[in-house]
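Enquirer: Mind looking over this structure? Questions follow.
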Amino acid sequence: MLEVRDLSKSFGGLKAVGNLSIRVGQGEFVGVIGPNGAGKTTLMNLVTGYMQPTSGDILFEGRSIVGLKPYQISHRGVGRTFQVVRPFSEMSVEDNVMTGALFSGAKTSSLAKARKAAELPMELTGLAAKRHMHAGALTLGEKKKLELARALATAPRLLLLDEVMGGVTRGEVDDLMVVLQRIHASGVTIVMIEHLVEVIMALSKRVVVLNFGQKLHEGSPREVVEHPAVIESYLGRPLDAEVA
Ligand SMILES: Nc1ncnc2c1ncn2[C@@H]1O[C@H](COP(=O)(O)OP(=O)(O)OP(=O)(O)O)[C@@H](O)[C@H]1O
Ligand SMILES: [Mg+2]
């Protein structure tokens, strides 16, 4: 479904992503981990057209998407969330989700259609009961759900998540994990950047570890957290058995 081929992105002398190749098959739930500054968000910005690669190629469903604008990549079926949430605070939850549908291409060009398209994303994320609330009044965990719902309203087949769990409470993490499982079960392929290793362990079948813009290791969650180079560069110490 997604193929990143020998991708590089330099900022001046800094190679944020270097000769990176990753493949994601339809229906997968892939985790991406790595230390701060490893290039995870840059990778996501490259795939979604927010940044242009210095070299390399990105194919979605067999066609190159390099050079396309973010909205064109969204129309092709790639959705994303942002590391820092930014809802339209003065607008209702429902209207926020509708913006996703309205800007997702010609299919939902009317308000009535957008309202209908917002329904399933609100159900999947558990926000339907809060549809009339101002987005600004939501907790951070709920804002993360809103971010997910808005992305889902663009009808993505592939969804890229940048630290959905960042900064939310323990209870909200559990809640969001259920939501992500539901989204995945609905047929959406997911690539998730996440610092909480136990979340990656619970949700993804395959993990890619980035370090200095390169692939340090790739494998099952269990294999990855036991890999010496991953422990040294990222985990700092072996995971507790009970957490793993
Ligand atoms: N627009 C930019 N201009 C210059 N340097 C950048 C830019 N965006 C990212 N970088 C640099 O590229 C490297 C990778 O950053 P990136 O944000 O992709 O890391 P990350 O893995 O997402 O980190 P974190 O876990 O902290 O979110 C860092 O050294 C960062 O400072
Ligand atoms: Mg980041």
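Enquirer: Quick one: how many residues across the range 148-165 are of a type in the set (D, E, K, R) and within 16 Å of ligand 1 (Cβ to nearest atom)?
Expert: Qualifying residue count, the range 148-165: 2.
Enquirer: Right, here's the next one. Taking into account only those residues within the range 46-59 that are within 25 Å of Gly187 (Cβ to Cβ) and either near ligand 1 (Cβ under 9 Å from one of its atoms) or in contact (Cβ under 8 Å) with a residue 60 or more places away in the chain (or both), which is surrounded by the most Cβ atoms within 10 Å (Cβ to Cβ)?
Expert: Within the range 46-59, the match that is surrounded by the most Cβ atoms within 10 Å (Cβ to Cβ) is Val47.
Enquirer: Would you confirm, using the coordinates I've provided, whether Ala202 is at pLDDT 90 or above, exposed (fewer than 15 other Cβ atoms within 10 Å of the Cβ) and out of contact with any helix residue (DSSP H, G or I) (no Cβ under 6 Å at 6 or more places or on another chain)?
Expert: So Ala202 fits the description; yes.
Enquirer: Another question, then. Provide a single number: the residues in the range 1-40 that are near ligand 1 (Cβ under 7 Å from one of its atoms) and buried (at least 21 other Cβ atoms within 10 Å of the Cβ).
Expert: The number of residues fulfilling the criteria is 5.
Enquirer: A further question follows. Of the residues in the range 188-199, how many are open to solvent by 10 Å² or more (accessible area, probe 1.4 Å), at pLDDT below 95 and either among the aliphatic types (A, V, I, L, M) or within 16 Å of ligand 1 (Cβ to nearest atom) (or both)?
Expert: 3
Enquirer: Same structure again: Contact list please: Cβ distance under 9 Å, first residue in the range 165-187 and under 25 Å from Gln26 (Cβ atoms) and open to solvent by 70 Å² or more (accessible area, probe 1.4 Å), second residue part of a helix (DSSP H, G or I) and hydroxyl-bearing (Ser, Thr, Tyr), pairs at least six apart or on different chains.
Expert: Listed pairs, sorted by first residue: Arg182/Thr125.
The values are calculated or read from the model by the stated rules, or taken from the named source; none is laboratory data. Given the structure is predicted, the values throughout are model-derived calculations rather than measurements. Note that each Cβ is placed from the backbone with ideal geometry, even for glycine, and that neighbours are counted across all protein chains shown. For accessibility, only protein heavy atoms count, side chains too; no ligands or nucleic acids. Shrake-Rupley method; radii C 1.70, N 1.55, O 1.52, S 1.80 Å.
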